[in-house]
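Report on one structure; see the data block that follows.
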Amino acid sequence: MEEKKQAPINWGHELWDFLKMLLISIVVVFLCTRFLIRPVRVDGDSMYPTLHNNAIGFSNILTYRMQGLKRFDIAIIYVPEKKEYLVKRVIGLPGETIEYRQDQLLVNGEAVAEDFFDEDYKRSQSANGSFTQDFGPVTLADDEYFMLGDNRPYSSDSRWYGPFKKEQIKAKDVVVLFPFQQIGVH
């Protein structure tokens, strides 16, 4: 029986193939994170109980650019003064007047239900007062959104920063990958 000789490895060719694959991978990751998805890490409890501290996932840039925002969507906002991204919920849309009175959201003077809340959590946090302190009215410009965290007593949001400009909003929705018990679209 004849033994087949194996051709010697051409290390230059192997290195070139590896570098091509590395470059293609970098370009694909760059394009995906620039135009399709944005990695997200929730920092803090301002969106609890919807999103937990240190939750990891991604948000959808493409859907935001194609569909825009609706009331109660979760959005990723860039705050240039702090050079950081925040995860908040859309409460007020451009041109609306927003206020809270006795834990009731008012949009243009009309009561709007916030059905996304975990009512047990809201009650437990309201035991010593209101869940969302009264504020407003705040009238939004044509390019402004009013955003709040779901954990109202512990959230720095539009009540502190003021309305967010449309150009500050980078993506919407959060797909949580970790912790595992929270996996899903929020």
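Note on TYR154 and CYS32: the model spin-label points, each 7 Å out from Cα along the C-beta direction, lie 3.2 nm apart.
Length gained on full extension, LYS165 to ASP43: 41.8 nm, using 0.36 nm per residue less the C-alpha separation. Axis angle, to the nearest 10 degrees, between helix 11-35 and the longest C-alpha principal axis of the chain: 10 degrees.
Suppose only helical runs count, i.e. DSSP H with n ≥ 4. What mean residue ellipticity at 222 nm does that imply for the chain under -39500 (n - 2.57) per run, divided by all residues and rounded to the nearest 500 deg cm²/dmol? Show your work: numbers first, answer last.
Working: 4 runs with 43 residues, N = 186.
The helix contribution divided over the chain gives -7000 deg cm²/dmol.
The count of lysine pairs in region 13-185 that are at least 8 places apart or cross chains, and whose C-alpha atoms lie under 24 Å apart, stands at 20.
Please arrange ARG101, ARG89 by how many other C-beta atoms lie within 10 Å of their C-beta, fewest to most. List each step's numbers first, then the result.
On the way: ARG101 14, ARG89 23.
Starting with the residue having the fewest Cβ neighbours, the order is ARG101, ARG89.
Taking amide H as placed 1.01 Å from N in the peptide plane, the amide H of VAL40 sits under 5 Å from that of GLY57, PHE58, SER59, each at least 5 places away or on another chain.
Taking the beta-carbon count within 10 Å as an exposure proxy, list VAL29, VAL87 from fewest neighbours to most.
Values: VAL29 10, VAL87 26.
Going from sparsest to densest Cβ surroundings: VAL29, VAL87.
Values quoted throughout were computed directly from the atomic coordinates according to the rules given, and no laboratory measurement underlies them. This one's a predicted model, so the numbers in the text were calculated from it and none came from an experiment. Here the Cβ is made from the backbone with ideal geometry for all residues, glycine too, and neighbour counts use every protein chain on show.
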